[in-house]
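Inspection log for the structure reproduced underneath, given as structure tokens.
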Amino acid sequence: QVQLVESGGGLVQAGGSLRLSCAASGRTFSSYDMGWFRQAPGKQRELVAGITSDSRTYYADSAKGRFTISRDNAKNTVYLQMNSLKPEDTAVYYCAAKRMGIIMISRNYDYWGQGTQVTVSS
């Protein structure tokens, strides 16, 4: 069992930055692939960025060049650094963990956090 707790969301002006953190419980964090997803009102949940257990990274086109995902296995934490934020980045951001399957597909994830709201004002 893995419990995930996100933090770092908030209200920021367009062009600003936020860093989201996701703290995981358990001693096997390093063996999990991790993903950051987001869901805006009326839209489907989508992957923003993912990082494998061996630290390969993947990004949605909308995140490339602006967002950076990283992990610190010693702290059982995964981060999402978001720069040059846009109003369309407004959403609830979720952290998720999985062992198997393609990193870009949400149904492959076994554990989810409760989400943290990110609001970008224009």
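Here are a few things to note about the model shown:
- Counted residue by residue at 0.36 nm each, then reduced by the alpha carbon distance between them, the extension gain from GLU88 to GLN3 reaches 27.7 nm.
- The dipole here belongs to the chain: it is taken about the Cα centre, uses +1 on the Cβ of Lys and Arg and -1 on the Cβ of Asp and Glu, and is about 100 debye.
- Our summary gives the chain a relative contact order of 35 percent, counting only alpha carbon pairs under 8 angstrom and 6 or more residues apart.
- Percent antiparallel among DSSP beta bridges (both partners in the chain, rounded to 5): 90
- Summing Cβ point charges (Lys, Arg +1; Asp, Glu -1) relative to the Cα centre of the range 61-122 gives a dipole of roughly 180 debye.
- Partners for LYS64 among lysines (Cα-Cα distance below 16 Å; same-chain residues under 8 apart left out): LYS86
- Here the gap between SER25 and THR68, fully extended at 0.36 nm per residue and compared with their Cα-Cα distance, gives a gain of 13.2 nm.
- Measuring nothing but protein heavy atoms, the accessible surface of the range 1-81 at 1.4 Å probe radius is 44 percent carbon and sulfur.
The values are calculated or read from the model by the stated rules, or taken from the named source; none is laboratory data. If you're wondering where the values come from, they're calculated on a predicted model, not measured in any experiment. We place every Cβ from the backbone using ideal geometry, glycine too, and count neighbours over all the protein chains shown. Note: areas computed on protein heavy atoms with side chains; ligands, DNA, RNA excluded. Shrake-Rupley method; radii C 1.70, N 1.55, O 1.52, S 1.80 Å.
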